[in-house]
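Beneath this line is the structure, given in structure tokens, with notes to follow.
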């Protein structure tokens, strides 16, 4: 949700991107349009979007794509970057500093803060305390809004639309924050039908599933991957979040939900496979060169979507 807080002299209205709750279809389409616009601008014009701005990145969990794409996005827009790659070890968090103090202090140094944290409820507190925009770059098992936006940007670029698509979501739906945010945005697009493929122990949290259905998203459960794949336009594959498992037995049978050459042969020619990455063994490298494998293009799209997010929140030059 793009929330506004009017309590700090640095901005008349501070806007944050901490959750997909409250976002509208128009918000999503605006970000997609802006990402595509920025993609086409010459390098020298991009550098004029956010000159002199400072973006702080605070990552309390590991990251490759999200951190580097945000930092690259900021630099391409003419901003500067400061931050802590492993903030839980390489910042004053190691000394016991309260997060509340961190957000207040870093907000005095930077024009926006990109945060990844292992606690899902941290972002709301950050948005309440920070005098500058907070961007949720992944919050525990909760949400990952910027990933969901780049996922929809990828679907739109690859298939030309989002409305009315048939989408299979596979893997860890319990702890997979990318899935939670993606489904929350898919409910905004008419006619989308989602099939959930997962181990019984790793299903979508029931409160979320109930709310999505109440909001009109068509969700069905299935267990036979081979029966589902011929009927879909998009497969959204995810890894099991081993670092968040409560019990080792939650992993039993995970091999059923993988995609390799045999599964690829079942997909329609127009379909696309997405994955937020990193992958482990749920996505066979043997299929990487197939045009339906869109996950590397998806990762590249993250750069442009995160450029759009920074540009939008920090008031870059009008499109």
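Assorted remarks:
- Taking the criterion of being modelled with pLDDT of 95 or more and buried (at least 17 other Cβ atoms within 10 Å of the Cβ), the residues of segment 67-93 that qualify are 69, 70, 71, 73, 74, 76, 77, 78, 79, 81.
- Output for segment 304-319, where each listed residue is over 24 Å from residue 183 (Cβ atoms) and part of a helix (DSSP H, G or I): 307, 310, 311
- All positions within segment 291-305 that are under 15 Å from residue 267 (Cβ atoms) and loosely packed, with under 14 Cβ neighbours inside 10 Å: 291
- Residues of segment 54-71 that are touching a helix residue (DSSP H, G or I) at 6+ places or on another chain (Cβ under 6 Å) and in a helix (DSSP H, G or I): 65, 69, 70.
- Yes/no for residue 172 being within 17 Å of residue 26 (Cα to Cα) and either within 16 Å of the chain's Cα centre (by Cα) or assigned by TED's automatic domain parsing to the domain that holds residue 262 (or both): no
- Among (1) modelled with pLDDT under 95; (2) surrounded by fewer than 21 Cβ atoms within 10 Å (Cβ to Cβ); (3) over 19 Å from residue 178 (Cβ atoms), the one test that residue 106 misses: (2)
- Yes/no for residue 4 being surrounded by fewer than 18 Cβ atoms within 10 Å (Cβ to Cβ) and either at pLDDT 95 or above or in contact with a strand residue (DSSP E or B) (Cβ under 7 Å, 6 or more places away or on another chain) (or both): yes
- Selection within segment 253-287 - under 26 Å from residue 138 (Cα atoms) and assigned to a loop (DSSP other than H, G, I, E, B): 257, 258, 275, 276, 277, 278, 279, 280, 281, 282, 284
- Inside segment 207-242, residues that are part of a helix (DSSP H, G or I) and modelled with pLDDT under 95 make up a count of 1.
- When residues of segment 191-213 are limited to those that are without any contact (Cβ under 8 Å) to a residue 24 or more places away in the chain and within 23 Å of residue 231 (Cα to Cα), the one surrounded by the most Cβ atoms within 10 Å (Cβ to Cβ): 209
- Selection status of residue 203, touching a helix residue (DSSP H, G or I) at 6+ places or on another chain (Cβ under 9 Å), on the phi > 0 side of the Ramachandran plot and at pLDDT below 95: no
- Checked against (1) at pLDDT 95 or above; (2) in contact with a helix residue (DSSP H, G or I) (Cβ under 6 Å, 6 or more places away or on another chain); (3) in the same structural domain as residue 20 (by TED's automatic domain parsing), residue 188 passes all but a single condition, namely (3).
The values are calculated or read from the model by the stated rules, or taken from the named source; none is laboratory data. What you see is a predicted model, and the numbers here were worked out from it, not measured in a lab. When we count neighbours, we look across all protein chains shown, and the Cβ atoms used for this are built from the backbone with ideal geometry, even at glycine.
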